[in-house]
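Okay, structure first, notes after.
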Amino acid sequence: MSRKIKLWCVMFSVLCLTSCAGSSAYMRSSSVLLNPTSDKALVRFMRPSGYGFAINFNVLDGEKVIGNSVAKSQFDYLADPGKHLFIATAENKAFLEAELEAGKTYYIITRIYVGAWTGRVAFVSVNKGSEFWDKVNEYESTLKKLEPDIASLKSWEEQNKQKIQKILSDYESVWKDKYQWPKLMPEDGR
């Protein structure tokens, strides 16, 4: 095989693995990003990587499903101020504890990794001075904007109510103290 063809094949493979945006039956396109309000905090979930574009995962705030993480996309969630436990499940479980303040915007990066059977998920909290602190501004303008399809997510939530309860119970009894989960504190808001 000629050198040019080999180079083309490598470039095409890299392009396919890194630039593919995903899609989801639980989300739909949006033209705007939300803003926090005087009585709500805004949490912006961002998945800047195209890696694992065919694998999406639902994100929960405690018992409530709030969105679906999709490759090269972002979605917003208006949350009550106070403590929250964000959850994602795939082959593994990922948790993020947050203490949110009304009127502020908080950022969470979602990631997917290779697992034994499917993808493994992770949350990265965007804390002051962290790796992503300045990058989120770029992501806001380059990532696809999505909003939850509330009816689809509510249906999923109803069908998975027992599983969600088990995850919350397991978090308290097993997972909470087993790992150092990422956290967002009030001062991490902007």
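Key figures for this structure:
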read-out: Matching option when the condition is β-branched (Val, Ile, Thr) and at pLDDT 80 or above, among ILE66, ILE55; value: ILE66
read-out: Residue in region 92-131 that is nearest to PRO81 (Cα to Cα), counting only those that are buried (at least 17 other Cβ atoms within 10 Å of the Cβ) and among the aromatic types (Phe, Trp, Tyr); value: TYR106
read-out: Answer from SER31, SER13, SER49, SER24 - the residue that is hydroxyl-bearing (Ser, Thr, Tyr), modelled with pLDDT under 75 and either surrounded by 17 or more Cβ atoms within 10 Å (Cβ to Cβ) or not in a helix (DSSP H, G or I) (or both); value: SER24
read-out: Selection from region 151-190 of residues that are of a type in the set (A, V, I, L, M) and either surrounded by 14 or more Cβ atoms within 10 Å (Cβ to Cβ) or in contact (Cβ under 8 Å) with a residue 40 or more places away in the chain (or both); value: LEU153, ILE164, ILE167, LEU168, LEU184, MET185
read-out: Single condition GLY129 does not satisfy, out of (1) without any contact (Cβ under 8 Å) to a residue 24 or more places away in the chain; (2) within 25 Å of ALA25 (Cβ to Cβ); (3) in a loop (DSSP other than H, G, I, E, B); value: (2)
read-out: Sole residue being part of a strand (DSSP E or B) and farther than 23 Å from ARG28 by Cβ, chosen from VAL59, VAL124; value: VAL124
read-out: Residue list for region 52-65, restricted to those being buried (at least 17 other Cβ atoms within 10 Å of the Cβ) and in contact (Cβ under 8 Å) with a residue 40 or more places away in the chain; value: GLY52, ILE55, PHE57, ASN58, VAL59, LEU60, VAL65
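The values are calculated or read from the model by the stated rules, or taken from the named source; none is laboratory data. Remember, it's a predicted structure, so these values are computed and weren't measured experimentally. FYI the Cβ positions are ideal-geometry reconstructions off the backbone, even for glycines, and counts take in every protein chain you see.
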